[in-house]
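Asks: Input: one structure, supplied below.
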Amino acid sequence: MTYVTAVIDSNAFKHNLLQVRKAAPKSNVLAMVKADAYGHGFRHLTGVLDEADALGVARLEEALRLKKYGVTSQIVIMGGITTAEELMVASQHEFAIVVHNAERLQMIQHETLENKLSVWLKIDTGMHRLGVMPEEVNDFVQVLKASGNVKNPIGLMSHFAKADDRNSPYTDNQILSFAECVQPLEGPKSLANSAAILAWPDSHEDWVRPGIMLYGVSPFAEETGLDYNLKPVMTLQSSIIAIRQLHQGDAIGYGSTWTCPKDMIVGVVAMGYGDGYPRHIAAGTPVLVNQQQASILGRVSMDMLTIDLSQQSHAAVGDEVILWGKGLPIEHIARSANTIAYELLCQVTARATKVKA
Ligand SMILES: *Cc1c(COP(=O)(O)O)cnc(C)c1O
């Protein structure tokens, strides 16, 4: 019997990367693979990661792990270089780094490095998380160039706060603010995340930075990856471990929160919050049993959840159950759990065995 498995389809990743290239035909692709490729596991995507032009991670430790899997593409560390030691390691491994504050600028100025660094300068055009303000950009570029530690040209990047809102002028303002401040500078430019790749073609520039769409998921709350010809990379599945005949009035699960309105056939599925399935999922959320939808009943517990099999009298112990992925868009599950697909993907725990499709 197979218990919880996250099946990772690297061909779907490849297909989705192609959709990125179609949507942004003039741009290079910096594929965002932070958090172990949005929870999919570098290990299961080896072979297709190098199809991107470069790979983006959040922290040095992730870059080092990624390199162990033999990727040859340039690796860009978006956030976490905070000590001189980390800077040295990044330089040794020829990782590209992002400069977003004065502390890091000074570090680059003062260290003696093994190799010149590839640098992206991050400009804060409205996200107000990391980045230097537009009026500081020129000074930063001058100091970086004078440091002797940095390769030419210096990349220029910014990040959108709400590109998934097609009706907001905020993204247009960020595009404009970026354009004004980088206009006198040379060097590759990069703005677009998945939502901007699909909704804001004016932002594509030299490098796009897709994340979620590479995993087959729509960045827009009201749509699914299918609407953009994307294919789910992860299918989370398990199996039925028991089937019960329950009677009208029987309560199911912890807290007895759900009571059978009639006599019912109930399936118990080996999947719980200990595997990363959200405990706060709304009752009625669908799963797929033998390609047919069945609804979740009662509370999700650590190792199990229960489903209504009344319409599926042929279902048997051992039958496969799909929780999201092929045939069941994760976007719908995320909405039922009052969260986003990004979080569900990252939340799958180590108990769920990941396997290549
Ligand atoms: C994660 C990330 C992205 C990708 O965002 P998606 O919404 O997943 O496409 C792009 N740029 C930066 C800086 C990021 O951290």
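The values are calculated or read from the model by the stated rules, or taken from the named source; none is laboratory data. It should be emphasised that the depicted structure is a prediction, and the values quoted were computed from it without experimental measurement. Glycine gets a Cβ as well: all are built from the backbone with ideal geometry, and neighbour counts include every protein chain shown.
Asks: Test of understanding: among E205, E180, which residue is assigned to a helix (DSSP H, G or I), charged (D, E, K, R) and more than 30 Å from M302 (Cα to Cα)?
Replies: From the options E205, E180, the qualifying one is E180.
Asks: Something else now. Among the listed residues K151, K189, which satisfies the condition of being surrounded by fewer than 16 Cβ atoms within 10 Å (Cβ to Cβ) and either at pLDDT 95 or above or of a type in the set (V, I, T) (or both)?
Replies: On inspection, the qualifying residue turns out to be K151.
Asks: Separate question: Let me confirm something: among G131, G126, G80, which residue is small (G, A, S) and in contact with a His (Cβ under 7 Å, 6 or more places away or on another chain)? Steps first, please.
Replies: Values: G126 fails: in contact with a His (Cβ under 7 Å, 6 or more places away or on another chain); G80 fails: in contact with a His (Cβ under 7 Å, 6 or more places away or on another chain).
Criteria check complete, one pass: G131.
Asks: If we only count strands (runs of 3 or more DSSP E) wholly inside region 288-357, which ones have 3 or more residues that are closer than 18 Å to A6 by Cβ?
Replies: 320-324, 353-356
Asks: Return the residue satisfying two criteria in turn: it lies in region 199-219 and is in contact (Cβ under 8 Å) with a residue 40 or more places away in the chain and surrounded by fewer than 18 Cβ atoms within 10 Å (Cβ to Cβ), and of such residues it is nearest to A58 (Cα to Cα).
Replies: D206
Asks: So, in region 205-232, exactly how many residues are under 22 Å from F13 (Cα atoms) and within 13 Å of the ligand (Cβ to nearest atom)?
Replies: Adding up the residues that qualify gives 18.
Asks: Hey, can you tell me all the residues within region 193-202 that are more than 8 Å from the ligand (Cβ to nearest atom) and not in a helix (DSSP H, G or I)?
Replies: Residue satisfying the conditions is W200 alone.
Asks: Report, by residue number, each residue of region 68-91 that is among the polar types (S, T, N, Q) and either within 16 Å of the ligand (Cβ to nearest atom) or in contact with a strand residue (DSSP E or B) (Cβ under 9 Å, 6 or more places away or on another chain) (or both).
Replies: S73, Q74, S91
Asks: Considering R43, R59, R65, which residue is within 21 Å of L214 (Cα to Cα), in contact (Cβ under 8 Å) with a residue 12 or more places away in the chain and within 15 Å of the ligand (Cβ to nearest atom)? Spell out how you get there, then give the answer.
Replies: Working: R43 fails: within 15 Å of the ligand (Cβ to nearest atom); R65 fails: within 15 Å of the ligand (Cβ to nearest atom).
The match here is R59.
Asks: Filter region 220-239 down to the residues that are out of contact with any strand residue (DSSP E or B) (no Cβ under 7 Å at 6 or more places or on another chain) and either over 15 Å from I333 (Cα atoms) or surrounded by fewer than 23 Cβ atoms within 10 Å (Cβ to Cβ) (or both) and list them by number. Break it down into steps so the answer makes sense when it comes.
Replies: The initial filter retains those residues of region 220-239 that are out of contact with any strand residue (DSSP E or B) (no Cβ under 7 Å at 6 or more places or on another chain), namely 220-231.
Within region 220-239, F220, A221, E222, E223, T224, L226, D227, Y228, N229, L230, K231 meet the criteria.
Asks: Quick check: is even one residue across region 219-228 closer than 17 Å to R21 by Cα, β-branched (V, I, T) and modelled with pLDDT of 95 or more?
Replies: no
Asks: Go through (1) of a type outside the set (F, W, Y); (2) closer than 24 Å to T5 by Cβ; (3) buried (at least 17 other Cβ atoms within 10 Å of the Cβ); (4) over 15 Å from the mean Cα position of the chain (by Cα) and name the single condition A242 misses.
Replies: Condition not satisfied by A242: (3).
Asks: Here's a follow-up. Could you tell me whether region 8-28 includes any residue that is assigned by TED's automatic domain parsing to the domain that holds T112, within 12 Å of the ligand (Cβ to nearest atom), under 22 Å from V348 (Cα atoms) and under 15 Å from the mean Cα position of the chain (by Cα)?
Replies: yes
Asks: I would also like to ask the following. Among residues belonging to region 208-239 that are assigned to a helix (DSSP H, G or I) and outside the structural domain of L185 (by TED's automatic domain parsing), point out the one that is nearest to the chain's Cα centre (by Cα).
Replies: G225
Asks: Let me ask you something else. Restricting attention to region 67-112, and to residues there that are of a type in the set (A, V, I, L, M, F, W, C) and more than 24 Å from V29 (Cα to Cα), which single residue is surrounded by the fewest Cβ atoms within 10 Å (Cβ to Cβ)?
Replies: A102
Asks: Picking from S301, S336, which residue would you name as being within 23 Å of G211 (Cβ to Cβ) and of a type outside the set (F, W, Y)?
Replies: So the residue among S301, S336 that is within 23 Å of G211 (Cβ to Cβ) and of a type outside the set (F, W, Y) is S336.
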